[in-house]
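Since the structure comes first, as structure tokens, the remarks are kept for the end.
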Amino acid sequence: RYGMSSGNTPYFATYAQDLEQDPFDAIDFVERIVWRITGGQPVSDPIGLKNKFEEEIASLQMLCDQFSHKLRSLEQQQSAEKRDYVQKMQRMHEQNSEAINKIKQLDATMQTVSSKVIHLGDQLESVNAPRQRAHDTQQLIAHFNEFLSDQPLNSHLFTDPDKLLESADLIHKLHSISQELSKDKYAAVQARIAHRYAEVEQLLMDEFLNSQRNEKHMAAVAKVLCEFKGYSQCVDRYIEFMCTNFGRADRSEKIYEDALQLVKSSKPRIESIFPQPQAIVQKLVLFIFTGKLNETIRAKLNEYKEAGDTERYLVGLAKEFSSTRKLCRDLEQLHLSADASFLKAVMRSIFGAYLQTYERDELAHLRRQCASILGRFYDERKHVKKAIQTGDKLSELKRDTQARFFTVEDYGGETFLSHDVVFVILQELKNAYARAALLCESGEPSARQTESIFDVMLQYLHHEHLDYAVELALAGISLAEPKVEPPAYIFAVVAQNTTMMHLMTKQYADSVQPALTESINEQSSVHKKWLNAMRSLESKLNLGIERQINAIIGYSRFLLNQQKKADFVPESLALGGSQACTTICKFLEAQAADMESGLDGENLGAVMSELAMRFYRLLLAHIQQFYYNMGGGMMLVCDLNEYRKLIAHWRFPVPSSATGAAAAAAAAGIEPAADPRRMFDHLHALANLLTVLPENVQSSSHSAQLDGLSDVSLINTFLQLRVDYRNLKWRP
């Protein structure tokens, strides 16, 4: 269990592991010693166990002595190292204090010397400045005397080409002085100085332009030249030189990228050369915009305008304006000017004339496009548009009178609606909205243009396409009771209108509303127009569905009226329904299919429910017109069974009891909506009363099929329709 180290020091590996447990548990330590001594077996020799424990205690004592000795050695070593470290720190602290004192002494000495030097410099300057001014004045007088004499200029400043900058500075001062002198007395010298001034100015300009590779020398020349009158001319020539390769014909499509790159590359060079670089950079930008960039834009737009291609002109205007605005935003990042309106003013100088006529051009183009699209659509269908006035009672009365007393025209089922037309017009409108947001000033101008474009949409897409198609569909539904099967084109019109209204609503939300957020007046006006247009269209569609239901019921009534009293009291019993029932079922099945293709969701359920309820009332009234024997009753039951099968496939709203709304409706005093299927089941059960044997009338009158009948008096009413009613022994 024990090992020995190479230094003859006992190494108690097991003890070390046990004692280094964290946290240390003495009881657990003793338990592990017992387990190692006994090998996990029960204790059978207490004396032996005691001896083993004494050996273990002795071993632990030895281990403790070893650790104590090692600990004392480490503590002694730590104390010695600590003393050495403290002594070393004290020496370093003393050295640091000495260094700080020396630095303070040096700083005081430097301040003293500096103050003396500054004082001495001020004294020297006060003495030298008047001397220098006197010397400069003397030099000016001496050179002025040269110009006063009739002799050629022989000063080295005027004859040495390397002294051009000094000569220019001198000439500028002499020229300024000469302008203050009397012209009558010094006209000759003024002319001579002016002539030399012009020569030096030209030499400076030539020197500046010939030193393109030496920016340092150009900066020195520019510093002197900026005091001369021809400085702006020199700047213009330099800007023209920088723009030599800008705006080439083969780079016209990348002119905006080239313009940005030109300014970026020229700005550092200008800043290193010219004394007032910001003004020069602004001049460069102005030259770029009003020069090649303006020429390129005008060439493109004028080409479109001269060709009469308004669409390409508007698209090109928006494209060039967008590109120019992006260029201005990129240039703003270069901090070219402290004036935030500088680049906007430059843009206005280019696009001002185009923007003045943009709104008028946009609306005229949009109206032409919409009129052309609709015109081609109606021409393809060989349809001549009728002048239909909507929105007034007189026109509606005229339309309804024609539908009631004259032959209606259904145009062979043509709805005169086209998704392609709507898509194309909406795309034109979308482009117009985008251009208006881009080219019009934000706020009131943009909102006004948006409203004008919206009015174009209402005129051509709503009034002249959707509303016109609905008016034709309404005029095609006869208000008189039809003698032939009425077509169901109104449902196709409803379906197409619904889809197109969804598309218009999406564009209204995406393009119109965001553009009106900054103008409350236009926002309110447009929203009111939109609601009125949608409500008007929805109202007419509802009217069309209502008239179609009336036509369906009217034609069904016409077919039922073909039945005679004798049909329900046949002499022989024959199974099967009537011919009228077969015709009506086929007719209603076709109408229901058209409804399902034209309506959906709650609208379909509501319309089918309304049609079923009216058809139920029609059948109920029709049945009560006749008396029935056994054969007639069987035929009626067969007819009603067919009607039940037909109605069973219709889509009705979920009954309120199934949705949990029955309790709420009852609490509010509202009658829950009747289930058409249930009503036809009751009607079928009532018709069965006409076929049962007299002795079974009482039991049939209380059958489960009549549970929930809304009007129990109908039981007696149907019994009275039996030809043998007077012979019945039981009556309700």
For the stretch 684-732: rounded, prolate or oblate by the Cα gyration tensor [a/c cutoff 1.5]: prolate
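Would the stretch 386-553 count as rounded, prolate or oblate if I go by the C-alpha gyration tensor, calling it rounded below 1.5 in a/c and otherwise prolate when a/b exceeds b/c, oblate otherwise?
prolate
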query: Lys/Arg Cβ at +1, Asp/Glu Cβ at -1, dipole of the stretch 386-553 taken about the Cα centre: which of A509, G413, V456 is farthest positive-ward?
result: G413
query: Restricting attention to the stretch 227-275, which trypsin sites (Lys or Arg not before Pro) occupy a DSSP loop and are surrounded by at most 15 other Cβ atoms within 10 Å?
result: K229, R248
- line: For the stretch 505-657 the translational diffusion coefficient, Stokes-Einstein from a Kirkwood Rh over Cα pairs at 10 °C and viscosity 1.306 mPa s, in µm²/s, is roughly 84 µm²/s
query: What relative contact order, as a whole-number percentage, does the stretch 386-553 give when Cα pairs under 8 Å and 6 or more residues apart are counted?
result: 35 percent
- request: Report the net charge of residues surrounding L314, where surrounding means a beta-carbon distance below 9 angstrom and charges are Lys +1, Arg +1, Asp -1, Glu -1.
  value: -1
³J(HN,Hα), Karplus 6.51/-1.76/1.60, whole Hz, each residue of the stretch 576-592, x for Gly, Pro: x, x, 8, 5, 4, 4, 4, 5, 5, 4, 5, 5, 5, 5, 5, 5, 5
- prompt: Ranked by Cβ crowding within 10 angstrom, fewest neighbours first, how are R83, R614, R722 ordered?
  reply: R83, R614, R722
message: Give the lysines whose C-alpha is closer than 26 Å to that of K565, dropping any in the same chain fewer than 8 places away, or say none.
response: K483, K586, K645, K729
- request: Would you kindly work out the equivalent ellipsoid of the stretch 594-659 from its C-alpha gyration tensor and give its semi-axes, the square roots of five times the eigenvalues, largest first in whole Å?
  value: 29, 12, 11
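Values in this text are rule-based calculations from the coordinates and carry no lab data. What you see is a predicted model, and the numbers here were worked out from it, not measured in a lab. A quick note on method: Cβ atoms are made from the backbone with ideal geometry, for glycine too, and the neighbour counts reach across all protein chains shown.
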